[in-house]
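Notes follow once the structure below has been shown.
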Amino acid sequence: MPLVKVEIIKGKSEEYKKAVLDGVHEALVESIKIPDHDRFQRLYELDNTNFEFPETKTDKVTLIEINMFRGRSAEAKKELYRLINDKLTKNPGIDGNDITVVLLEPPLENWGVRGGKPASEVDLGFNIKV
């Protein structure tokens, strides 16, 4: 149940934004093996005045923050970064230098799910040890 937050500069097309969200989701399914239906994503568009970034970045700068259950291997995470980069480079055409991904992994007991239960006490229905 990764929670995805994407931040971009305002003004991109609906197709562009959909390609970003689709690419991130596809990378999560392929690399850390989440179920395809497990999709929680938010895309925030910021005005130039509210989004400062280094001069080495372009107006396609994309910040991706993913909160996910702890337990994935370093290899699975590396694959996730690579796939996000490859997919977003291909469509909608974001240079890899403009993509930053941050993973946050709160312990399972810090997730309230399925009627207010800690995730550590429910059958998640998928393996997080990948």
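Kindly indicate whether Asp38 is at pLDDT below 95, out of contact with any Asp or Glu (no Cβ under 8 Å at 6 or more places or on another chain) and assigned to a loop (DSSP other than H, G, I, E, B). Before you say what the answer is, go through the steps one by one.
Working: at pLDDT below 95: yes; out of contact with any Asp or Glu (no Cβ under 8 Å at 6 or more places or on another chain): yes; assigned to a loop (DSSP other than H, G, I, E, B): yes.
In short, yes.
Determine, yes or no, whether Lys17 is in contact with a strand residue (DSSP E or B) (Cβ under 9 Å, 6 or more places away or on another chain), over 23 Å from Val113 (Cα atoms), not in a strand (DSSP E or B) and not aliphatic (A, V, I, L, M). Working first, answer last.
Values: in contact with a strand residue (DSSP E or B) (Cβ under 9 Å, 6 or more places away or on another chain): yes; over 23 Å from Val113 (Cα atoms): yes; not in a strand (DSSP E or B): yes; not aliphatic (A, V, I, L, M): yes.
Considered against the rule, which asks whether it is in contact with a strand residue (DSSP E or B) (Cβ under 9 Å, 6 or more places away or on another chain), over 23 Å from Val113 (Cα atoms), not in a strand (DSSP E or B) and not aliphatic (A, V, I, L, M), Lys17 comes out as yes.
Scan region 1-17 residue by residue and report those that are within 13 Å of the chain's Cα centre (by Cα) and either under 29 Å from Asp123 (Cβ atoms) or without any contact (Cβ under 8 Å) to a residue 12 or more places away in the chain (or both).
Scanning region 1-17 gives Met1, Pro2, Leu3, Val4, Lys5.
Here's the yes/no breakdown for (1) of a type in the set (D, E, K, R); (2) within 21 Å of Asp95 (Cβ to Cβ):
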position: Glu15; (1), (2): yes, yes
position: Val24; (1), (2): no, yes
position: Ile34; (1), (2): no, no
position: Phe40; (1), (2): no, no
position: Tyr44; (1), (2): no, yes
position: Asp47; (1), (2): yes, no
position: Asn50; (1), (2): no, no
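Got a sec? Which of Lys87, Lys60, Lys78 is among the basic types (Lys, Arg), in a helix (DSSP H, G or I) and in contact with an Asp or Glu (Cβ under 9 Å, 6 or more places away or on another chain)? Before you say what the answer is, go through the steps one by one.
On the way: Lys60 fails: in a helix (DSSP H, G or I); Lys78 fails: in contact with an Asp or Glu (Cβ under 9 Å, 6 or more places away or on another chain).
Just a single option satisfies the conditions, and that option is Lys87.
Need pairs with beta-carbon distance below 8 Å; first residue touching a residue at least 24 places away in the same chain (Cβ under 8 Å) and under 16 Å from Asn67 (Cβ atoms) and within region 28-51, second in a loop (DSSP other than H, G, I, E, B) and aromatic (Phe, Trp, Tyr); sequence gap 6+ or separate chains.
So the pair list comes out as Ile34/Phe126; Asp38/Phe126.
Restricting to region 109-126, and then to whatever is of a type in the set (A, V, I, L, M) and more than 30 Å from Lys17 (Cα to Cα), can you tell me which residue is surrounded by the most Cβ atoms within 10 Å (Cβ to Cβ)?
Step one: filter region 109-126 for residues of a type in the set (A, V, I, L, M), giving 113, 119, 122, 124.
Remaining after also requiring more than 30 Å from Lys17 (Cα to Cα): 119, 122.
Working: Ala119: 19, Val122: 13.
Among those that are of a type in the set (A, V, I, L, M) and more than 30 Å from Lys17 (Cα to Cα), it is Ala119.
Taking region 53-86 on its own, how many of its residues are under 29 Å from Gly112 (Cα atoms) and in contact with a Phe, Trp or Tyr (Cβ under 8 Å, 6 or more places away or on another chain)?
The total comes to 1.
Condition first: of a type in the set (A, V, I, L, M, F, W, C) and either under 20 Å from Thr56 (Cα atoms) or not in a loop (DSSP other than H, G, I, E, B) (or both). Now tell me which residues in region 90-121 satisfy that.
From region 90-121, those of a type in the set (A, V, I, L, M, F, W, C) are 94, 99, 101-104, 108, 111, 113, 119; that's our starting set.
Passing the criteria: Ile94, Ile99, Val101, Val102, Leu103, Leu104, Leu108, Val113, Ala119.
Just checking, which of Arg42, Arg72 is of a type outside the set (Ser, Thr, Tyr), surrounded by 15 or more Cβ atoms within 10 Å (Cβ to Cβ) and under 24 Å from Ile128 (Cβ atoms)?
Working: Arg42 fails: surrounded by 15 or more Cβ atoms within 10 Å (Cβ to Cβ).
Residue meeting the stated conditions: Arg72.
From (1) crowded, with 18+ Cβ neighbours inside 10 Å; (2) out of contact with any Ser or Thr (no Cβ under 6 Å at 6 or more places or on another chain); (3) acidic (Asp, Glu), pick out the condition that doesn't hold for Asp98.
Only one criterion in (1) crowded, with 18+ Cβ neighbours inside 10 Å; (2) out of contact with any Ser or Thr (no Cβ under 6 Å at 6 or more places or on another chain); (3) acidic (Asp, Glu) is unmet by Asp98, namely (2).
The values are calculated or read from the model by the stated rules, or taken from the named source; none is laboratory data. All values reported here derive from a predicted model rather than from experimental measurement. Virtual Cβ from ideal backbone geometry, glycine too; neighbours counted across all protein chains shown.
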